[in-house]
Ligand SMILES: Cc1ncc(COP(=O)(O)O)c(C=O)c1O
């Protein structure tokens, strides 16, 4: 989707906040582990390239979700190690090797397909994925893992790491987390040899189990200043949210009792009501279920009324503001604040999803 800088609905990204969060996490986990910044999904909506460039000197590497995200980083002179976390289609391994991009290796079958491609894969680096209980990708037993190591060795593929991913590191109940940890440790113990990197921790595990970080901390949502647990667990240190979403009023009018607003005419005025229009809608990732939530204008909460359309929505205003009056959708205005977490709760989802869904049409500006 085309970015729309002339629309005055920007996301304002605080790169300093991201840097501060990384520094705090570094202090929290100590210096023995490498820290990889997870910048997949356009750095959780914050902009992969500006974020990666601004934190390049603070981290040891980057994690992305697919090969295109990794190539984009390399094209923008990101020289540190890059690990692709999801399984990629096997016929692209040659591209990964040529750009020194490390791939997650999800299974023996996948590695056999890589080898059978007959492209140049000598020197390709892989991190063997272990499914210790997440159920997405990875081997479940040591025999398969060791067969992969043997196949990699035979074909000049570098067995650089082994990793797993926790399903419940952001929860107070540690039963599943401990079971996954034990399963991963047992499998790593049975490997024919230990690679350079053994890793398992995401933001939640790094925050609440810092002593268990192994060779790499894969730091995602916490570097953007969000609590991975929502509100379930208290943070061991303060994080600084890095994302503000702003807009401005494009139209203001008074409607009268009986007048309706939006598709489906779901809002009917019962008295004279001042209605402001804001240029944001579900095509921006500002979804229809935001009806009934609020934004900030002039330091006051204003209710979103009527259905959110594709490109616009309406709010109930305290007074007749001028066109161009600022509207805060995420962030502070005066004494009040709207957080991604509050929006997530309104929508019955997680803060990650709120930011990742905000589309490219919202242009990103950087503090
Ligand atoms: C394998 C893996 N590691 C690390 C992360 C980062 O997780 P978080 O954003 O919770 O730190 C993710 C994110 O989904 C992931 O899939």
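Just so it is clear, none of the values below were taken in a lab; they were calculated from the coordinates. Note that this is a predicted model, so its numbers are computed, not measured. Don't worry about glycine lacking a Cβ; one is built from the backbone with ideal geometry, like all the others, and counts go over all protein chains shown.
The label point for residue 32 and the one for residue 120, both projected 7 Å from the Cα toward the Cβ, are 4.0 nm apart. Across the chain, the volume of the C-alpha convex hull divided among the residues equals 144 Å³ per residue. What is the Cα centroid distance between the range 40-69 and the range 217-259, reported in whole angstrom? What the calculation gives is 20 Å, centre to centre.
Computed over the alpha-carbon pairs of the range 14-77, the distance histogram in 10 Å steps reads 22, 55, 22, 1 percent, short to long.
Could you work out the per residue convex hull volume over the alpha carbons of the range 261-312, in cubic angstrom?
Numbers: hull volume 4.2 nm³, N = 52.
Per-residue hull volume (Cα only) is 80 Å³.
Converting the Cα gyration tensor eigenvalues of the range 171-246 into ellipsoid dimensions via √(5λ) gives semi-axes, longest first, of 28, 15, 9 Å. Fraction of C-alpha pairs exceeding 18 angstrom in the range 243-338: 39 percent, rounded to a whole number.
Direction-averaged shadow area of the convex hull around the Cα atoms of the range 15-224, nm²? Don't skip to the answer; put the middle values down first.
Working: hull surface 42.6 nm².
The directionally averaged projection comes out at 10.7 nm².
Looking at the chain, what % of its DSSP beta bridges pair antiparallel, to the nearest 5?
Numbers: 31 of 62 bridges.
Among the beta bridges of the chain, antiparallel pairing accounts for roughly 50 percent.
Working from the Cα coordinates of the range 224-279, the gyration tensor eigenvalues give, after taking √(5λ), semi-axes of 39, 15, 10 Å in decreasing order. Shape index of the range 1-107: Rg/Rh, with Rg the Cα radius of gyration and Rh the Kirkwood radius from the inverse mean 1/r over Cα pairs, equals 1.01. Using bins of 5 Å that start at zero, the share of Cα-Cα pairs per bin across the range 85-155 amounts to 3, 18, 30, 27, 14, 6, 1, in whole %.
As a proxy for reagent exposure, ranking 2, 24 by other Cβ atoms within 10 Å from fewest up yields 2, 24.
Given the convex hull of the Cα atoms of the range 102-235, what is a quarter of its surface area in nm²?
Working: hull surface 33.6 nm².
Approximately 8.4 nm², given one-decimal rounding.
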